[in-house]
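Laboratory data are not the source of any read-out in this text; all were calculated from the coordinates shown. Note that the structure is predicted; figures quoted are calculated from it, not measured. As a convention, Cβ positions derive from the backbone with ideal geometry for all residues, glycine included, and neighbour counts pool all protein chains shown.
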Amino acid sequence: MVLRFEASYPEGLCPGWSVRVKGETGSRTNEFQINFLCGTEDQIAFHFNPRFKDSVIVCNSFLDNQWGQEVLADTFPLEAKQPFQIEISSDEDYFHAFVDDSKVLQYEHRHKQLAAVSRVQILNDIHVSSVELTRRGLY
Ligand code: GAL
């Protein structure tokens, strides 16, 4: 695991925040992940994991020391060595994930204490050029 970015917002990142990541992968890309975590614990409320070898975006949560059921996106609009933008926002019910402004998936909250989701981490095969956090309010 290689940590590329980490930020912590004690007041919480859900609901109503949007995290926009601009980046690029290298040619030997395997996978990268954007994780929304709870406080200092190892609980992952939302794991967004593009896997280039299988051309699939796998999403899941790691709660109570185990992975839950995977949710797969229907599309894989990412290409190695091509710059992209991923935006993940949340409302009271879902995380919403967009790649280059096209929605790829929504993921129902499994960790019900939304206010506890206060950390975002980006890991592995990604060159992050910017991360923008915006408070959007609810929509
Ligand atoms: C596992 C993988 C984890 C995570 C999980 C998601 O196989 O090792 O990193 O991606 O799947 O379900």
Cα convex hull of the chain, projected area averaged across orientations, nm²: 7.6
Quick check: net charge around Tyr94, other residues with Cβ under 15 Å of its Cβ, Lys/Arg +1 and Asp/Glu -1? -1
Restricting attention to region 52-120, which GluC sites (Glu not before Pro) occupy a DSSP loop and are surrounded by at most 16 other Cβ atoms within 10 Å? Glu70, Glu79, Glu92
Qualifying trypsin sites (Lys or Arg not before Pro) for region 39-136 [loop in DSSP, other Cβ within 10 Å: at most 11]: Lys53, Lys81, Lys112
Under a Cβ-only charge scheme (Lys and Arg +1, Asp and Glu -1), can you give me the dipole magnitude of the chain about the Cα centre, in debye to the nearest 20? 280
Net charge, Phe52 excluded, C-beta distance under 13 Å - Lys, Arg +1, Asp, Glu -1: -1
Applying the Karplus parametrisation 6.51 cos²θ - 1.76 cosθ + 1.60 with θ = phi - 60° to the phi angles of region 43-50, what ³J(HN,Hα) value in whole Hz is obtained for each residue in order, glycine and proline being reported as x? 6, 10, 6, 8, 10, 10, 9, x
Just going by the charge dipole of region 10-139, with Lys and Arg at +1 and Asp and Glu at -1 on Cβ, which of Ala97, Leu37, Pro83 is farthest out on the positive end? Pro83
The local net charge around Arg20, scoring Lys/Arg +1 and Asp/Glu -1 for residues other than Arg20 whose Cβ lies under 10 Å from its Cβ, equals -1
Given H placed on each backbone N at 1.01 Å, which residues far from Cys14 in sequence or on other chains put an amide H within less than 5 Å of it? Val117
With θ set to phi - 60°, apply the Karplus curve 6.51 cos²θ - 1.76 cosθ + 1.60 along region 19-34 and write out the HN-Hα couplings as whole Hz, x wherever there is a Gly or Pro. 10, 10, 10, 9, x, 8, 10, x, 6, 9, 6, 10, 7, 9, 9, 10
